[in-house]
Each structure stands twice: as structure tokens, then as C-alpha cells.
Amino acid sequence: MTLDDYLTTNKISGPKFAQRINVDPATIYRIRHGHVVPHRQTMQAIIAASGGDISVEDLVKLDQPTKKET
């Protein structure tokens, strides 16, 4: 589950979640919208605060190269 999905489903605002894990609300905004990958400590805090609903894989999306069609 993405951070955005988690916050939306649980009706938690970005600033409220940021306060819960002790980070700047702008950090949650950037993570939520895919602008940045969180640091390890922030990642651990997000996973713990979500009760495991959000995983490392949800927070780290690697772009997969596409195969060229021939």
C-alpha cells in the first residue's frame, strides 16, 4: 500500500502523519507524491506507524527499463 493510499484510506492528513513520525510535513508531501525516496530512518518510522501496512517495496519504486518491441 502506498503512503498516499494509507493516508487516504485511514483519513489521516499529511501534517498529522508527519507529526506522528516526527518529520517535516513537506517530507511527507514529497514522499507521498513520489518526489523523493525516504531515508532509511524515515522509512522505518513510516512502516512502524502504519503497522506494516506500508512496506519498503511500497516506498521504493524503481523504474524498470522497458523492452523495445522489435
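The values are calculated or read from the model by the stated rules, or taken from the named source; none is laboratory data. Values in this document were obtained by computation on a predicted structure and should not be read as measured data. With ideal geometry, Cβ positions are generated from the backbone for all residues, glycine too; neighbour counts draw on all protein chains shown. Ligands, DNA and RNA are stripped out before the accessible areas are found, and what is left, the full protein with its side chains, is counted by its heavy atoms. Shrake-Rupley method; radii C 1.70, N 1.55, O 1.52, S 1.80 Å.
A few notes on this one:
- For the range 1-37, the set of residues classified as assigned to a loop (DSSP other than H, G, I, E, B) and charged (D, E, K, R) consists of Lys11, Asp24, listed by residue number.
- Within the range 1-16, residues that are closer than 16 Å to His33 by Cβ and in contact (Cβ under 8 Å) with a residue 40 or more places away in the chain have Cβ atoms under 8 Å from residues that are assigned to a loop (DSSP other than H, G, I, E, B) and open to solvent by 50 Å² or more (accessible area, probe 1.4 Å) in these pairs: Met1/Asp53; Tyr6/Asp53, counting only partners at least 6 apart in sequence or on another chain.
- Only residues that are open to solvent by less than 30 Å² (accessible area, probe 1.4 Å) and either in contact (Cβ under 8 Å) with a residue 40 or more places away in the chain or touching a strand residue (DSSP E or B) at 6+ places or on another chain (Cβ under 6 Å) (or both) were counted across the range 20-63, and they come to 4.
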